[in-house]
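Enquirer: Just dropping this structure here.
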Amino acid sequence: GMSDFQYLAMHSGPDGKQTSMYDKVLMLKPEKEEFFNKDLPLYIPPPIFSRLDTPVDYFYRPDIQHRSGYNNPQVSGENLIGLSRARRPHNAIFVNFDDEEIPTKPLDAAVQNWKKVCTNPVDKKVEEELRKLFEVRPVWSRNAVKANISVHPDKLKVLLPYLAYYMLTGPWRSLWVRFGYDPRKHPEAKIYQVLDFRIRCGMKYGYAATDMPVKAKRSTYNYSLPITVKKQGSHTVSVHDLKQGLGSAGTSGAKKPPSSRYKLKESIYIFREGALPPYRQMFYQLCDLNVESLQKIIHRNDGTESECTERDGWCLAKTSDDLRDSMSLMIKQIIRSTRPALFSNTTSNEDGKEQLAYESGEDEDDEEEEEEDFKPSDGSENEMETEILDYV
């Protein structure tokens, strides 16, 4: 492994002689004010020693042969310490909630990128399918798109910026919106708003994280820093592969028909009563909460929407909190039915009332501490952070 670094606090005198500064900068006993007012040579340790945590053999090869059209990234203060390569741009347009205008067409570079890889009938069919999806519903999450059409993830990265823009903040954050459509001006767009839902767990709910039959997206035991060289091996996709339609990508998916090879299950974006979410944190659109009681909460102010706010959109205030409380109670009932032993000590009426009070969100401070366990992870399927990095 890499050796530990120790930076010696040395000072070079006029004659070139090195003098140790340890005795002058290290406090070995309580000192008086004079110690802190002494004049010392400027001592600034380096901010970083190495970007890697394991050694790499480097044989001083000649100049690397890049693909045609590759240009070395310009060296600036922004990328002196950063990733090993410049990020591949996908030319998505990002919009904040307080931006006055919304884009009506894609960037020219996004059009060229899609035309470059759209070279076979399968790609043209996928493009038409996605256009129809945006005609039926102007706002989609990436997971919802992947559950409705079969498209390779690398091609979807190029296709989405060609047909839609990405909302960064507000009630439609992390969603893709059809060009020319402004959900802030249409009250009916409230059904497309996003709900960040996290399964609550802890002693006050009667079950711990290990008792839940729902997996977390990332385990802390196999987590590694993004600067490590021991990254999980990913299938490298070239422009040639994209042009060929990726028909042979992945041996495990070869048995599936082309029409559904890359499709996700609908549970990745739809919430149904009696079914547990696939992950402990989910981003749902309100129209995908397929429970009558939840839809009643969403449509409480139909016809009387007056203002679109950044926190609640076109819905009434605290609508998201009411939805989370109801969904949490449904999930608790599911876990209770599948693992009744967990709730054997909470069968009395008083205990039941106490649990319901907790579910209604009365102890918000404790709830935030519990939910800290389920922060978004790197590389998962439905996190806003990962998606932004894909399209920057």
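The values are calculated or read from the model by the stated rules, or taken from the named source; none is laboratory data. Everything numeric in this text was worked out from a predicted model, so none of it was measured. Cβ: placed from backbone, ideal geometry, glycine included. Neighbour counts: every protein chain shown. What goes into the accessible areas is simple: the full protein's heavy atoms, side chains included, and nothing from ligands, DNA or RNA. Shrake-Rupley method; radii C 1.70, N 1.55, O 1.52, S 1.80 Å.
Enquirer: If the Cβ limit is 7 Å and pairs must be 6+ apart or interchain, which residue in the range 305-324 that is farther than 14 Å from residue 170 by Cα pairs with which residue that is part of a loop (DSSP other than H, G, I, E, B) and open to solvent by less than 40 Å² (accessible area, probe 1.4 Å)?
Expert: 305/314; 316/301; 319/312; 321/361
Enquirer: Follow-up question, since we're still on this one. Mind telling me which of the residues 116, 132, 155, 146 ends up being without any contact (Cβ under 8 Å) to a residue 60 or more places away in the chain and not β-branched (Val, Ile, Thr)?
Expert: Checking each option against the conditions leaves just 132.
Enquirer: Would it be correct to say that residue 256 is basic (Lys, Arg), modelled with pLDDT under 90 and either crowded, with 18+ Cβ neighbours inside 10 Å or within 25 Å of the chain's Cα centre (by Cα) (or both)?
Expert: No, not satisfied.
Enquirer: Here is a further query. Out of all the residues in the range 153-205, which are in a strand (DSSP E or B), out of contact with any Pro (no Cβ under 8 Å at 6 or more places or on another chain) and open to solvent by 20 Å² or more (accessible area, probe 1.4 Å)?
Expert: 196, 198
Enquirer: Next question. When the range 14-67 is examined, which residues are found to be open to solvent by 90 Å² or more (accessible area, probe 1.4 Å), polar (S, T, N, Q) and modelled with pLDDT of 75 or more?
Expert: 18, 37
Enquirer: From 98, 108, grab the single residue that is open to solvent by 90 Å² or more (accessible area, probe 1.4 Å) and in contact with a Ser or Thr (Cβ under 8 Å, 6 or more places away or on another chain).
Expert: 98
Enquirer: Please list, ordered by first then second residue, the pairs with beta carbon atoms under 7 Å, 6 or more apart or interchain, first in the range 25-45 and under 15 Å from residue 12 (Cβ atoms), second surrounded by 10 or more Cβ atoms within 10 Å (Cβ to Cβ) and not hydrophobic (A, V, I, L, M, F, W, C).
Expert: Matching pairs, first to second residue: 40/24; 41/11.
Enquirer: Checking residue 23 against (1) in a loop (DSSP other than H, G, I, E, B); (2) more than 30 Å from residue 89 (Cβ to Cβ): exactly one of these is not met. Which one?
Expert: (1)
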